[in-house]
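Have a look at the structure below, then the notes.
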Amino acid sequence: MFEPATLDTTMGPWAPRHVSWLEMACYFGGALLVAALGTWRILQHDGRIGLDEPDTRRKLHEKPISRLGGAPIFLAVGLASLVAGYIGGLGWTRWLPVAVCNALIFSVGFVDDLKPLGARVKLVGQIGTALILYSLGVSIDVLSNPFGEGSVSLGWWSLPLTLLWLVSIPNIVNLIDGMDGLAGGFGLFLSLTLAFLGYYSRQPDVLVVSLSMAGALAGFLIFNLPPAKIFLGDGGAYLIGFFIASVSLFTSNKGSVIGALLVIIIALGVPILDTLFAIIRRAMRGVSIFNADAEHIHHRLILLGYSKGGALAAMYAVCLALSLVGLSILMIKGSALPMVGAILFLLALATARYLGYIRSWSNFRSQFNETMERRRQREFFRAYGRVLDFEVERCTDLRSFATLFQHGLERMGLSMHPQPGSHPEILSLGGGWHFTIHRPEDSVDITEWHLRLDVLLPALERCVEKWKTLPSNMEVKSTSLPHPPSSVTA
């Protein structure tokens, strides 16, 4: 059994001191209490900013829910770090770059929770924050051999690998944040994994800050488990991901981080696999990898008959198991890594088949051809959508545009008016406008139709901007936002 963590004296004058079990419990419990009280206070305030409005597609919660759950987590971890640094006697000089950059990445996401910034702006913010951390000396410089002696100096590869690590993990966590309690629970398990790494490597500062994050997430999860009363938002998801990525670089000595990175990569197995499936799925469909859909692993589990609680418990169990596998590989010096890698690869293939991403191995080729045909259909829709967008500028009045718009819809098999065998779909526009399109009732799944119909949004948005109305027989616009107005129905 390991003794409570004590750092080697080789760390210099800023070496953290011994941390007792009571102190560990206090950091975890204190962060839990601060996060829980902060979350409760946000819910009591019942503000009108940072709300996640439900829709008819992916966001199926019954009423607007706050996306500001990252704020109490940030507050709890920050206060715990200050207590540890200035009252607990732990040396925190080397943590200043990590603290500043975690605050920056949280700010990027938090601002987006208040007012959407767009994927490109957020990506620029993430890369900028990662560059700042790299310039302050936090980087992956040396990769040691996990199977024995020796190491490899990365040289100029240090910059791209460090940026990839610091940018990808927050986006992976954010991508999986589509189910109540999922990202927060994964963050809790990963923080506890980092705490053990700090404990195992005798780095109490890593141990304390990781326990603080674990406690903060535990306090937040009281209100985030199904049915969630509050969401993490991008601020919370980015904070968790960047925290995991940056702190993992501190669990080794002088940039030789391969052991810690392997543990985190294995522990992140479910989110990484979900991200890989999403990238492949969206690339084959010809849509942006940032385009949200309802086909993540947790969505598939629910379609297979799992309840929300059952799907969450199953994913928690897998995350916990993978965390233990990663830690065991570290403790036995990586000797079982090839075998574990092969097993995880086979499990990934089995998971793809079980979840229905691959309907049948024998018919894989026909499924691929079907996907490519749907991609061509979507490209046809996208081309017509761009033409209609241009027509808004060319037309001098709404009536002439409405004629062209109706013709374009007919070419796409759509209509503004109900048809025999048609199904209405409501498109949500900016400013509270809604527009109803009638699509054919066919074998194409609803997600595919949503992707096709979304190409009409730019033209309709520009139509409202130019003529203050929409091409239909009647228009209804709400004057009491944020509640959604009635649909515009032809």
Task: Thr403 under 20 Å from Val444 (Cα atoms), surrounded by 11 or more Cβ atoms within 10 Å (Cβ to Cβ) and of a type in the set (Val, Ile, Thr) - done: no
Open item on the list: Tally up the residues in segment 417-432 that are under 24 Å from Arg374 (Cβ atoms) and part of a loop (DSSP other than H, G, I, E, B), please.
Closed with: 2
TODO: Among what's in segment 379-437 and is among the acidic types (Asp, Glu) and under 36 Å from the mean Cα position of the chain (by Cα), pick the residue that is nearest to Ala283 (Cα to Cα).
DONE: Glu379
TODO: Looking at (1) loosely packed, with under 15 Cβ neighbours inside 10 Å; (2) over 20 Å from Thr447 (Cβ atoms), find the lone condition where Leu409 falls short.
DONE: (1)
Task: Some residue of segment 44-65 being modelled with pLDDT under 90, more than 30 Å from His299 (Cα to Cα) and assigned to a helix (DSSP H, G or I) - done: yes
Open item on the list: Can you pull out every residue in segment 133-159 that is aliphatic (A, V, I, L, M), surrounded by fewer than 15 Cβ atoms within 10 Å (Cβ to Cβ) and at pLDDT 85 or above?
Closed with: Leu136
Open item on the list: For segment 212-242, which positions are more than 14 Å from Phe28 (Cα to Cα), buried (at least 24 other Cβ atoms within 10 Å of the Cβ) and aromatic (Phe, Trp, Tyr)?
Closed with: Phe231, Tyr238, Phe242
TODO: Output the number of residues of segment 171-192 satisfying the condition of being among the polar types (S, T, N, Q) and over 16 Å from His299 (Cα atoms).
DONE: 2
Task: When residues of segment 326-354 are limited to those that are closer than 16 Å to Leu273 by Cα, in contact with a helix residue (DSSP H, G or I) (Cβ under 8 Å, 6 or more places away or on another chain) and β-branched (Val, Ile, Thr), the one surrounded by the fewest Cβ atoms within 10 Å (Cβ to Cβ) - done: Val340
TODO: From (1) assigned to a helix (DSSP H, G or I); (2) closer than 19 Å to Val270 by Cβ, pick out the condition that doesn't hold for Arg374.
DONE: (2)
Task: Qualifying positions in segment 123-132 - under 15 Å from Trp165 (Cβ atoms) and exposed (fewer than 14 other Cβ atoms within 10 Å of the Cβ) - done: Ile127
Open item on the list: One residue is enough: does segment 197-220 have a residue meeting the conditions more than 21 Å from the chain's Cα centre (by Cα), in the same structural domain as Gly326 (by TED's automatic domain parsing), assigned to a loop (DSSP other than H, G, I, E, B) and at negative phi?
Closed with: yes
Open item on the list: I'm trying to understand the selection: among the residues of segment 177-196, which are among the aliphatic types (A, V, I, L, M) and within 20 Å of the chain's Cα centre (by Cα)?
Closed with: Met179, Leu182, Ala183, Leu188, Leu190, Leu192, Leu194
Open item on the list: Considering only residues that are assigned to a loop (DSSP other than H, G, I, E, B), of a type outside the set (Val, Ile, Thr) and within 24 Å of the chain's Cα centre (by Cα), which ones fall in segment 352-367?
Closed with: Leu355, Gly356, Tyr357
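The values are calculated or read from the model by the stated rules, or taken from the named source; none is laboratory data. Since this is a predicted model, take the numbers as computed values, not measurements. With ideal geometry, Cβ positions are generated from the backbone for all residues, glycine too; neighbour counts draw on all protein chains shown.
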